[in-house]
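K.L.:
Dumping the structure here so I can ask a few things about it.
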Amino acid sequence: MKKIISLLLTGVLVTASITGCGSSNAGSGSSGAASPCLSDGVLTVGTNAEFPPFEYVGDNGQPDGFDIGLIKAVGEELGVEIVVENMEFDSLVSSIGSKTDAAIAGMTVTEERQQSVDFSVPYYSAIQHVLVAKDSNIATYDDLVGKTIGCQLGTTGDFIIEEIEGATDQQYNKAVDAVNDLVNGRLDAVIVDSNPAAVFAANYPDKIKDLNGEDFGFEIEEYAIALPKGDAALKEAIDVAITKIKENGTFDKLVDEYM
Ligand code: GLN
């Protein structure tokens, strides 16, 4: 009997993982059908808690920050529990549909990522900044040619460095480690998003200059929540929730609390 029950349970688990959220079945129902990601009452959301003020490890050891507040507010709107999984930034997109249902991580909408995931409506605009030593002469894009530049692996800053002629792209798992190497004189510059750049630079007011990427010709980027490709019901539900959170003042409260 025990054997039969455990076989049945295995069957249930296997079925659950095949038809689970983010699988190829997602969104295949008639329009208006509930998302498979929401039907169990839990939305598992990946983040990389190394990107203050959007996400960082709080005093209690758990991910905290603007994005965490935002996704919890989305969870309240949708009536689902939010479970946050902290992982490497570079794994966030590929985890959607297997380990997670979505990702929130100050993630920029890019065409390349859109090959594998869909994005919610954007919720924040940003631009890459260039951190350099206080006494550095770097001030324009051309000054970056041939330099050793640090970034977080798999980020839009990383993609910018790849395009800079003769530059050595030093990739780190955490942007803060790149910043430490800049302070130690091992890098000429670090390219990182505007808000974290300000947080990191504020830690070393005597050692680091925070240069706006506008002066380097960088483009404005839009942050959005990454979602399983093709799950139109989930995207619709999350877009409606974000719009509501922007309209009802919750978004501004989060800006006041975290920015
Ligand atoms: N906005 C950048 C990107 O999407 C960096 C995000 C991050 O490091 N968390 O690549």
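The values are calculated or read from the model by the stated rules, or taken from the named source; none is laboratory data. Quick caveat, the model's predicted, so the values are computed rather than measured. No Cβ is skipped: glycine too gets one built from the backbone with ideal geometry, and neighbour counts run over all protein chains shown. These accessible areas exclude ligands, DNA and RNA; they are computed on the full protein's heavy atoms, side chains included. Shrake-Rupley method; radii C 1.70, N 1.55, O 1.52, S 1.80 Å.
K.L.:
Give a residue-ordered list of calculated ³J(HN,Hα) values for segment 209-215 (Karplus: 6.51 cos²θ - 1.76 cosθ + 1.60, θ = phi - 60°; whole Hz; x for Gly, Pro).
P.N.:
Couplings: 9, 10, 9, 6, x, 4, 6 Hz.
K.L.:
Sort 176-189, 74-87 by packing, meaning the average of other beta carbons within 10 Å per residue, with the highest value first.
P.N.:
176-189, 74-87
K.L.:
For Asp142 paired with Ser94, estimate the spin-label separation in nm (one decimal), with each label point 7 Å from Cα along the Cα-to-Cβ line.
P.N.:
With each label point 7 Å from Cα toward Cβ, the separation is 4.0 nm.
K.L.:
Given a 1.4 Å probe, how much area per residue of the chain is accessible, in Å²?
P.N.:
That works out to 49 Å² for each residue.
K.L.:
Sort the following peptides by mean Cβ neighbour count (other Cβ atoms within 10 Å, averaged over residues), highest first: 40-49, 138-147.
P.N.:
40-49, 138-147
K.L.:
For the chain, give the magnitude of the charge dipole about the Cα centre (Cβ charges: +1 Lys/Arg, -1 Asp/Glu; no others), in debye to the nearest 20.
P.N.:
So the magnitude is around 1120 debye.
K.L.:
If the only charges are +1 at each Lys and Arg Cβ and -1 at each Asp and Glu Cβ, what is the size of the charge dipole of segment 85-146 around the Cα centre, to the nearest 20 debye?
P.N.:
My answer is approximately 140 debye.
K.L.:
Give me the net charge of Asp239's neighbourhood, meaning all other residues with Cβ under 14 Å from the Cβ of Asp239; Lys, Arg count +1, Asp, Glu -1.
P.N.:
-3
K.L.:
Mean Kyte-Doolittle hydropathy of -0.5 or higher plus an axial Cα length of 20 Å or more: which whole DSSP H helices in the chain meet both?
P.N.:
Once both thresholds are applied, what remains is 2-18, 232-247.
K.L.:
Listed highest first by mean packing, meaning other Cβ atoms within 10 Å per residue, what order do 56-63, 107-114 come in?
P.N.:
Descending packing order for the listed peptides: 107-114, 56-63.
K.L.:
Ok, one more. To two decimal places, what compactness ratio does the chain give when its Cα radius of gyration is scaled by 2.2 N^0.38 Å?
P.N.:
Normalised Rg, Cα atoms only: 1.12.
K.L.:
Straight-line reach only, C-alpha to C-alpha below 23 angstrom: list the lysines that Lys209 could link to, leaving out same-chain residues fewer than 8 apart.
P.N.:
The qualifying lysines are Lys134, Lys147, Lys174.
K.L.:
Ignoring ligands, DNA and RNA, what percent of the 1.4 Å accessible area of the chain is carbon and sulfur?
P.N.:
Ligands and nucleic acids excluded, carbon and sulfur reach 49 percent.
K.L.:
Now, a different point. What is the set of long-range amide H partners of Val84 at a cut-off below 5 Å, with H atoms built 1.01 Å from backbone N?
P.N.:
Amide H neighbours of Val84, under 5 Å, 5+ apart: Val45.
K.L.:
Taking 0.36 nm per intervening residue step and subtracting the Cα-Cα distance, what contour gain separates Thr243 from Glu214 on full extension?
P.N.:
Full-extension gain reported as 7.6 nm.
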